[in-house]
Amino acid sequence: MILVGPPGAGKGTQAARLVDTFRIPHISSGDMLRAAVKEGTELGKAADGFMKAGKLVPDDVVIGMILERIARPDAAGGFMLDGFPRTAPQAEALDRALQQAGVGLDAVVLIEVPDELIIERVTGRRNDPVTGAIYHVTYNPPPADVAARVVQRKDDTHEACTERLDKYHRETEPIIPFYQQQGLLKRVDGVGSLDEVSQRVVDVLR
Ligand code: AP5
C-alpha cells in the first residue's frame, strides 16, 4: 500500500500505528534520505541541499533507493510506502517494477488536510532522535522524560514548508487520478484527533 498526502498530513504518524496493525514494514523515502544525510553517505550529500530548501530530491536518486528497498526479503509479505511516489516518473517506475515482480497494490490511502492547517502542524512537529517517534508541541506533546531530547527537522521552517506544499500541489497531486482510475484510491479526512484519523484509515483498509 501507499500513503500519500501533503506535508504534515500525518502520514508518518499513521504509518507508525499501521505497522502494529498490519505487521508490514513502513518504508518512508523521507526517513531513508534523512538517515543518509546523517550518515554523510554520497546519497545523503546529494539530497541534503534539496531537502533543506523543501525541494524534491531528483527522481533518479529516489527511484533507485526505493526499488532496492522494496526488493529486500522483509518486504516480500507486503509493505507500506510513505512519501513515494511523489512525481509522475516515480509512479511510472514503481508501476513497472511491481508489474515485473508480479506484485499488485492493494490500496493508496490519501490523507487529506487543508493547506491552512499544514504550516502549524509542520512547524510544531518535534522528533525523538532515539526512537524516531513524532510529536507535536500542541497536539501530541512528548512525555516529560523525552521532552528534553526532541529535535526539529531542518525543513520544518515556515519557508521550506511553503515550498513543500507548493511542490505537493504541482508534482504529487497530479499522480492521484492515476490511482483513482485503477480503483485503488481511498480518501481519508486527516482532520481530527490522532485516534479518529487512525480509525478512519483502518476502516478504509478493511
Ligand atoms: P518527507 O519526510 O516524506 O516529508 P513530507 O511528505 O513533507 O511529510 P512529512 O514528514 O512532513 O509529514 P507527515 O505527513 O509524515 O506528517 P507527520 O505524521 O509527521 O520528505 C521530506 C523531504 O525529503 C522532501 O521535502 C524531499 O526533499 C525529500 N523526499 C522525500 N521523499 C521524496 C521523493 N519520493 N521524491 C523526492 N524527494 C523526496 O505529522 C506532522 C505533524 O502533525 C506532527 O507534529 C504530528 O504530531 C502532527 N499530527 C499528525 N496527525 C495529527 C492530527 N490528526 N491532528 C493534529 N496534529 C497531527
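The table below lists the values:
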quantity: Number of the exception - Gly102 against (1) at positive phi; (2) buried (at least 17 other Cβ atoms within 10 Å of the Cβ); calculated: (2)
quantity: Residue that is farthest from the ligand (Cβ to nearest atom) [pool: residues in the range 118-132 that are open to solvent by less than 60 Å² (accessible area, probe 1.4 Å) and either in contact with a Gly (Cβ under 8 Å, 6 or more places away or on another chain) or assigned to a helix (DSSP H, G or I) (or both)]; calculated: Ile119
quantity: Enumeration of residues in the range 26-39 that are over 14 Å from Asn127 (Cβ atoms) and open to solvent by 30 Å² or more (accessible area, probe 1.4 Å); calculated: His26, Met32, Glu39
quantity: Options Ala147, Ala160; residue that is buried (at least 17 other Cβ atoms within 10 Å of the Cβ) and small (Gly, Ala, Ser); calculated: Ala160
quantity: Matching residues, the range 183-206, being farther than 15 Å from Lys11 by Cα, part of a loop (DSSP other than H, G, I, E, B) and either hydroxyl-bearing (Ser, Thr, Tyr) or without any contact (Cβ under 8 Å) to a residue 24 or more places away in the chain (or both); calculated: Gly183, Arg206
quantity: Residue tally, condition more than 16 Å from Glu112 (Cβ to Cβ) and open to solvent by 80 Å² or more (accessible area, probe 1.4 Å), over the range 172-206; calculated: 4
quantity: Residue tally, condition under 16 Å from Val113 (Cβ atoms) and assigned to a loop (DSSP other than H, G, I, E, B), over the range 144-171; calculated: 1
quantity: Whichever residue in the range 29-39 is more than 6 Å from the ligand (Cβ to nearest atom) and either within 11 Å of the chain's Cα centre (by Cα) or among the acidic types (Asp, Glu) (or both) and, among such residues, is farthest from Ile134 (Cα to Cα); calculated: Glu39
quantity: Those residues of the range 66-78 which are of a type in the set (D, E, K, R) and loosely packed, with under 15 Cβ neighbours inside 10 Å, in sequence order; calculated: Glu68, Arg72, Asp74
quantity: Hits in the range 140-160 - residues which are in contact with a Ser or Thr (Cβ under 8 Å, 6 or more places away or on another chain) and within 8 Å of the ligand (Cβ to nearest atom); calculated: Asn140, Asp156
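Rundown of residues vs (1) basic (Lys, Arg); (2) within 9 Å of the ligand (Cβ to nearest atom); (3) buried (at least 18 other Cβ atoms within 10 Å of the Cβ), yes/no style:
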position	(1), (2), (3)
Ala15	no, yes, yes
Leu18	no, no, yes
Arg23	yes, no, no
Thr41	no, no, no
Phe50	no, yes, no
Ala53	no, yes, no
Val57	no, yes, yes
Gly64	no, no, no
Met80	no, no, yes
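The values are calculated or read from the model by the stated rules, or taken from the named source; none is laboratory data. Note that the structure is a prediction, hence the values are computed from the model and not measured. Here Cβ is always computed from backbone atoms with ideal geometry, including for glycine, and neighbour counts include all displayed protein chains. Remember, those area values only see protein heavy atoms, side chains included, never the ligands or the DNA or RNA. Shrake-Rupley method; radii C 1.70, N 1.55, O 1.52, S 1.80 Å.
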